[in-house]
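The values are calculated or read from the model by the stated rules, or taken from the named source; none is laboratory data. Model, not experiment: these values are computed from the prediction. Please note: Cβ atoms are built from the backbone with ideal geometry, for glycine as well, and neighbour counts cover all protein chains shown. Keep in mind that these areas ignore ligands, DNA and RNA; they rest on the heavy atoms of the full protein, side chains included. Shrake-Rupley method; radii C 1.70, N 1.55, O 1.52, S 1.80 Å.
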Amino acid sequence: INILKKEIPIELSIVKSSSVDAQLYRPFDDYFDKVYTNEELVVALKESHFAIAASGTVTLSCALFELPTIVCYKSSLLNYFIYETVVSYRGPISLANIVHNHSVFPELIQDGVSSFNIAAKFKLWYFDLFELILQAY
């Protein structure tokens, strides 16, 4: 958030999941311009221009709303070990990418999930879109 807000004039929102303890959000409350609840997900998706989402059904929702999204997924070391050693599947992990059978959204997994990588992916999309808008005028 700090990286993006320093370089780009953006408004940041969050959809707080009811399955996550509210205490975990408190240290970050001041970072966001707008806060949505789970029940307001559709409103949040309609009002947003871009999303950073955990892998799961929310990525499919983002795809249905045609909302550019970076998928971030970090599991426990045990789950990742099981995935790497037991599971033979090596395709995409987000539902949107699985349904489309190709990379609709970039995925950052395990050690790839970092503030630097998230900001870099976002800036690529943002500046590409900005350039397209300028070319249209």
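General remarks:
- Selected residue (only one of SER18, SER61 is small (Gly, Ala, Ser), farther than 22 Å from ASN117 by Cα and open to solvent by less than 60 Å² (accessible area, probe 1.4 Å)): SER61
- Residue count, segment 1-20 (criterion: farther than 23 Å from LYS46 by Cα and at pLDDT 90 or above): 0
- Of the residues making up segment 36-62, those that are hydrophobic (A, V, I, L, M, F, W, C), under 22 Å from TYR126 (Cα atoms) and touching a helix residue (DSSP H, G or I) at 6+ places or on another chain (Cβ under 8 Å) are LEU45, PHE50, ALA51, ILE52, ALA53, VAL58, LEU60, CYS62.
- Selection status of ILE98, β-branched (Val, Ile, Thr) and open to solvent by less than 70 Å² (accessible area, probe 1.4 Å): no
- The residue of segment 21-58 that is modelled with the lowest pLDDT, among those that are open to solvent by 70 Å² or more (accessible area, probe 1.4 Å) and within 21 Å of PRO92 (Cβ to Cβ), is THR57.
- Pick from segment 64-95, criterion in contact (Cβ under 8 Å) with a residue 40 or more places away in the chain and open to solvent by 30 Å² or more (accessible area, probe 1.4 Å), ranking: nearest to SER17 (Cα to Cα): TYR73
- When PHE122 is tested against the conditions (1) in contact with a helix residue (DSSP H, G or I) (Cβ under 7 Å, 6 or more places away or on another chain); (2) in a strand (DSSP E or B), the lone failure is (2).
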